[in-house]
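Before any comments, here is the structure.
The values are calculated or read from the model by the stated rules, or taken from the named source; none is laboratory data. Treat the numbers as computed from the prediction; the structure is a model and nothing was measured. Glycine also receives a Cβ, built like all others from the backbone with ideal geometry; neighbour counts cover every protein chain displayed.
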Amino acid sequence: MEQQTIEVGLGERSYPITIGAGIFRQIGEMLKTAGIAQRYGIISDDRVAALYGDLLSATLEKSRVRAELFTFPPGEESKCLQTVEELAGRLAVAGFDRASALIALGGGVVGDITGFLASVYMRGIPFVQIPTTLLAQVDSSVGGKTGVDLPQGKNLIGTFYQPRAVYIDTDVLQTLPKDEFLGGMAEVIKYGASMDADFFHWLRQQHDAIVALDPAVIVPMIRRCCEMKAAVVEQDEQESGLRRILNFGHTIGHAVEAVSGYELNHGFAVAIGMQAVAELAVRSGRASSAVAEEIGALLHLYGLPLEIPAQYDRVSLRRFMRTDKKASGGRLVFVLPVALGTVDITDQIDETALDAVLA
């Protein structure tokens, strides 16, 4: 299958997303042609670096692109200012300057850390994304959100900083643990449930081919997600309005993730959050029960959880929701499905209905 390219149109900050099976070995030539920098720092976690660090270094060396690898321990616990400070210090010692650029090789945590580091190192140097998880390929690698966590909540320190290019090789999904793939499917389902009913139904029809990682369906699936996200980002780059649609399932999902101590897979938390807001939409009279049932059925088909675990403390859940950066004027903002592919963004939620859903 030929590689496909779409453009995120942001004027001077526009950039291409290249998608295809087996494009990893072409990245050196693509970077050389793009001429983004004289030298690259590859930022990755230890787990991804063990799988793909040598391969990326080899393809860059073959194209005579100068690059060095910098790693940190995997996991959400590394997504903090201390990691950013340590990486920045190592870049400085190695002599990286404003003619340099960074490469994010990994999942969402790697992309968020690398993007944030690029946005502040030397007051901003370019970076590119090579996402290695489905979740990062369809969501976090596109759109320019960067950030790290605080004890008080997820992504509370960050910037909007667009990459110069995104390279998505679907072959890397072959090494992705099953739970990580299914967690990525939660973000894929998010696009269908909130923005495209036809895509939602297609995901149900193509279930077997998708879980078998058939490139004939995986490539167009990822492309469609990137197209939808790009269309939103082009209209609302810094989340002043429309971009909030991408937070479908995340207000409750992020809180569930935080209460779990970040042990719960992010995509699983988002799945729980999507089902919760679907039920909230029904309880608040904005949607029929059939909408919540269809969303729940597709999440269940892909092996995703639907309920907030009983052992999670609801008081803590509420506290994390209040610190959510999407809150407006002290009020929680919810993205509620009113029909498949259509949502309502509102801060007018009946507390009784919310309590019932959280309970």
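Just a few scattered comments:
- Residue in the stretch 99-115 that is part of a helix (DSSP H, G or I) and surrounded by fewer than 16 Cβ atoms within 10 Å (Cβ to Cβ) present: no
- For the stretch 116-128, a residue qualifies if it is in a strand (DSSP E or B), among the aliphatic types (A, V, I, L, M) and without any contact (Cβ under 8 Å) to a residue 60 or more places away in the chain, but none of them does.
- Residues considered: Val259, Val277. Of these, the only one that is among the hydrophobic types (A, V, I, L, M, F, W, C), surrounded by 13 or more Cβ atoms within 10 Å (Cβ to Cβ) and touching an Asp or Glu at 6+ places or on another chain (Cβ under 7 Å) is Val259.
- Annotation: of all residues in the stretch 318-335 being over 19 Å from the mean Cα position of the chain (by Cα) and in a strand (DSSP E or B), the one that is modelled with the lowest pLDDT is Ser328.
- For the stretch 249-256, the condition holds for no residue, the condition being that it is farther than 22 Å from Arg322 by Cβ and of a type outside the set (Phe, Trp, Tyr).
- Flag if Ala290 is part of a helix (DSSP H, G or I) and crowded, with 16+ Cβ neighbours inside 10 Å: no
- Qualifying residue in the stretch 262-273 (condition: more than 24 Å from Gly192 (Cα to Cα), free of Cβ contacts under 8 Å to residues at least 24 places away in the same chain, surrounded by fewer than 21 Cβ atoms within 10 Å (Cβ to Cβ) and not basic (Lys, Arg)): yes
- Only a single item in (1) part of a helix (DSSP H, G or I); (2) farther than 24 Å from Ala339 by Cβ is not met by Gln238, and it is number (1).
- Answer from Gly285, Gly303 - the residue that is on the phi > 0 side of the Ramachandran plot, touching a residue at least 24 places away in the same chain (Cβ under 8 Å) and assigned by TED's automatic domain parsing to the domain that holds Thr251: Gly303
- Residue within the stretch 57-68 that is over 18 Å from Gln162 (Cα atoms), out of contact with any helix residue (DSSP H, G or I) (no Cβ under 6 Å at 6 or more places or on another chain) and in contact (Cβ under 8 Å) with a residue 60 or more places away in the chain present: no
- Near pairs, Cβ below 6 angstrom, 6+ apart or cross-chain, from the stretch 317-343 (closer than 14 Å to Gly273 by Cα) to any residue that is modelled with pLDDT under 80 and outside any helix (DSSP H, G or I): Val333/Lys326
- Boolean, Glu85 is modelled with pLDDT of 95 or more and part of a helix (DSSP H, G or I): yes
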